[in-house]
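Take this structure first; my questions come after.
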Amino acid sequence: MARFKAKPPSGAAEKPKNPKPTAAERSAYFARREAAKVLRSVLQGDARRRAVGSIKSLVYSPSIKNKKATFAIVCQTLKHLPIVKDVLETANILNSRWKRQEELVYIITYDILFGQEISFIGDAEKFLVQRKSSLRSALARLLVRKKVKSIEDLIDFYQTPDVSKPRYIRVNTLKLDVDSALIELGKQYMVQKDDLVPDLLKLPPKCDLHNHPLVMNGSIFMQGKASSMVAAALAPEPGWEVLDACAAPGNKTVHLAALMRGKGKVIACELNKERIKRLQDTVRLSGADNIEVLHGDFLSLDPNDPPYSKVRAILLDPSCSGSGTVAERLDHLLPSYAAGQAANIDEAERLNKLASFQKKALAHALSFPQVERVVYSTCSVHQIENEDVVKSIVPFAASHGFQLATPFPQWQRRGLPVLEGSEHLLRTDPVEDKEGFFFALFIRKDRTMVHQSSKPGRTIRDSSHLSSVETKRCLHRREARITIPILFSGMFKRQLYCKPKSRLN
């Protein structure tokens with residue numbers, strides 16, 4: 001006998017169905033999970049004191065879809081992280097399952113306590129929203145412990161003031177000329193050319209260009225002034241073979257390719273496999289087809305191997321403390337910064353290890369047989385990573401025919417006076433310039449005017465093997481010595497080809 005389900009009376013209420021999530025709810029759901037992935041990378045890198053990338057570089061990688069929302073979530077969660085952690089510990093509501101997803105839990109807890117209303121989309125959201133009263137009770141107890149009267153006072157207790165700086169944009173001249181970029185950006189913003197780096201534009205602080213079409217298609221790159229000065233100081237020529245020794249995330253790499261007008265070759269070396277993809281994405285976005293990405297250790301490269309024996313310029317921007325860009329990198333939001341680790345014994349040990357690696361890397365860069373120019377740069381304010389590294393390497397550099405030269409002689413801020421020739425080194429100030437960089441330029445004496453004879457110890461000066469263009473280039477470099485002070489030899493003696501009219505800094 002057939003069975004039929006009885007229909008409810010027409011007046012009876014039907015069981016409500018779960019409402020379909022709105023577009024805003026779905027967007028928030030996915031943004032929280034993208035933010036959790038970024039937050040995991042940031043916190044793990046901070047705990048190991050070896051970051052995969054800055055907060056900004058991780059958020060604005062191509063793999064992140066909703067960049068603006070993700071950036072806001074990550075920054076706000078980090079700003080409130082000490083409070084969030086304390087509340088969760090006091091509430092004691094997490095089981096082993098949710099402890100394995102702690103970054104997502106941090107983000108949702110922030111939203112419940114300080115942010116927007118949380119919908120019930122997602123298991124983690126449902127779990128924490130159901131325990132909202134426990135979380136808020138724990139927050140109230142935290143107010144009492146910290147002896148503050150309001151949540152606003154508690155937030156202020158943990159806050160670090162923001163640092164405002166101009167927005168710099170480097171025009172990717174492989175895709176767009178500077179004047180066209182100036183006109184296009186000028187439709188929305190006040191834009192002016194930088195007075196030092198030819199392809200750099202300056203915009204007002206806090207201009208949000210991350211979704212601008214010119215950024216999305218790689219015609220312009222958001223890159224700080226000091227960072228843009230590094231490749232410009234190396235000044236590779238079209239047709240050269242150039243090596244970027246520690247290349248990721250790749251902004252300087254693609255700048256080199258643009259300065260070379262896409263001619264020659266840039267070898268972009270990167271050891272960290274997690275950063276290789278970011279480097280490849282940057283290269284792809286730039287449109288440069290003369291960049292070869294190499295996953296490997298720069299120190300393991302044999303300078304005499306055929307792939308590297310013709311390298312004529314090396315950009316060495318090795319791992320460093322990043323102490324000059326804590327505001328730009330948002331490092332002041334990290335747990336290690338809040339805990340004051342920058343001044344402890346572990347940090348001193350870390351700086352010593354970094355300096356040891358930096359010295360090895362710089363000496364290795366100066367060992368390539370055909371290299372003519374080497375730039376050593378850091379985004380550090382510490383003398384141990386900057387002047388001390390250069391000072392220890394100068395005798396080795398001199399034995400290989402290198403001398404210090406003066407990049408951007410019109411720049412006021414120079415190296416600390418702890419070595420003879422510190423005026424040739426360049427610093428930017430984290431307060432005055434909003435970021436603290438350091439770099440030194442080494443050039444090999446008369447490389448293009450010298451070739452070795454078959455007899456050991458004999459050097460013949462001859463320009464017959466050079467083209468007319470190369471000859472003019474050599475003459476230009478000779479003339480440059482008249483105006484740019486150069487140091488060389490173990491005695492740091494100054495050599496000028498004529499008596500200068502005035503001393504240049």
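The values are calculated or read from the model by the stated rules, or taken from the named source; none is laboratory data. Predicted, not measured: the structure shown is a model, and the values here were computed from it. Cβ atoms come from the backbone with ideal geometry, glycine included; neighbour counts cover every protein chain shown. Keep in mind that these areas ignore ligands, DNA and RNA; they rest on the heavy atoms of the full protein, side chains included. Shrake-Rupley method; radii C 1.70, N 1.55, O 1.52, S 1.80 Å.
If the limit is 27 Å between Cα atoms, which of 68/263; 68/353; 206/252; 99/149; 146/206 go over it?
Violating the 27 Å limit, Cα to Cα: 68/263; 68/353; 99/149; 146/206.
Starting from the Cα coordinates of the stretch 23-159, work out the convex hull volume and express it per residue in Å³.
Expressed per residue, the convex hull around the Cα atoms of the stretch 23-159 is 114 Å³.
Rolling a 1.4 angstrom probe over the protein chains, ignoring ligands and nucleic acids, what is the accessible area of residue 29 in square angstrom, nearest 10?
Its accessible surface works out to 60 Å², give or take rounding.
At a probe size of 1.4 Å, how large is the accessible area of residue 302, to the nearest 10 Å²?
60
Find how much the distance from residue 188 to residue 20 grows on full extension, using 0.36 nm per residue of separation minus their present alpha carbon separation; answer in nm with one decimal.
56.6 nm
Another question, if that's okay. Would you calculate the separation in nanometres between label points at residue 413 and residue 215, each defined as 7 Å from the Cα along the Cα-to-beta-carbon direction?
Inter-label distance under the simple model: 2.4 nm.
While we're on this one: At what distance in angstrom do the alpha carbon centres of the stretch 87-116 and the stretch 121-136 lie from each other?
8
Can you give the relative contact order of the stretch 167-222 as a percent, counting alpha carbon pairs under 8 Å and 6+ residues apart?
Relative contact order here is 49 percent.
Would you rank 32, 350 by solvent-accessible area, highest first, keeping every protein chain in place and using a 1.4 Å probe?
Values: 32 5, 350 45 Å².
Ranked from most to least accessible, the order is 350, 32.
Non-local amide H neighbours of residue 308 (under 5 Å, H modeled in plane, Pro and chain starts lacking H): which ones?
Sorted by chain and number, the residues that satisfy this come to none at all.
Would you mind calculating the gained length between residue 165 and residue 65 on full extension (0.36 nm times residue separation, minus the Cα-Cα distance), in nm to one decimal?
33.4 nm
I would also like to ask the following. Stretched out fully, how many nm does the piece from residue 310 to residue 27 gain, at 0.36 nm a residue minus the Cα gap?
96.8 nm
At R0 = 45 Å, how high is the FRET efficiency between residue 195 and residue 150 if r is their beta carbon distance? Nearest 0.05 is fine. Spell out each step's value before the answer.
Numbers: r = 47 Å, r/R0 = 1.04.
With a Förster radius of 45 Å, E is 0.45.
Could you run the Debye sum over the Cα atoms of the stretch 218-284, one equal point scatterer each and no solvent, and tell me log10 of I(q)/I(0) at q = 0.16, 0.29 Å⁻¹, two decimals?
Result of the Debye calculation: -0.49, -1.39.
Applying the Karplus parametrisation 6.51 cos²θ - 1.76 cosθ + 1.60 with θ = phi - 60° to the phi angles of the stretch 82-98, what ³J(HN,Hα) value in whole Hz is obtained for each residue in order, glycine and proline being reported as x?
Values, residue by residue: x, 5, 4, 4, 5, 5, 5, 5, 5, 5, 6, 10, 8, 9, 4, 4, 7 Hz.
Right, something else. Tell me the accessible surface of residue 379 in square angstrom (1.4 angstrom probe, heavy atoms of protein chains only), to the nearest ten.
Result for residue 379: roughly 30 Å² accessible.
Under 5 Å between amide H atoms, partner at least 5 residues away or on a different chain: which partners does residue 291 have, H built in plane at 1.01 Å?
266
What is the spin-label model distance, in nm, from residue 85 to residue 383 if the labels are put 7 Å beyond Cα along the C-beta direction?
3.3
Could you state the principal axis extents of the C-alpha atoms in the stretch 167-222, from the largest down, to the nearest angstrom?
If we take the Cα atoms of the stretch 167-222, the spans are 23, 22, 17 Å.
Are there any GluC sites (Glu not before Pro) in the stretch 373-446 that are in a DSSP loop and have at most 15 other Cβ atoms within 10 Å? List them by number. Each step should come with its number before you reach the end.
Values: sites: 385, 387, 420, 423, 432, 435; in loops: 420, 432, 435.
Of the GluC sites (Glu not before Pro), the ones in loops of the stretch 373-446 whose Cβ has at most 15 other Cβ atoms within 10 Å are 420, 432.
How many angstrom lie between the Cα centre of the stretch 270-314 and the Cα centre of the stretch 410-437?
29
State the volume of the convex hull built on the alpha-carbon positions of the stretch 211-256, expressed per residue in Å³ and rounded to an integer.
Convex hull of Cα atoms, per residue: 88 Å³.
Would you mind computing, in nm to one decimal, how far apart the modelled labels at residue 137 and residue 350 are, each placed 7 Å from Cα along Cα→Cβ?
Between residue 137 and residue 350, the label points sit 3.8 nm apart.
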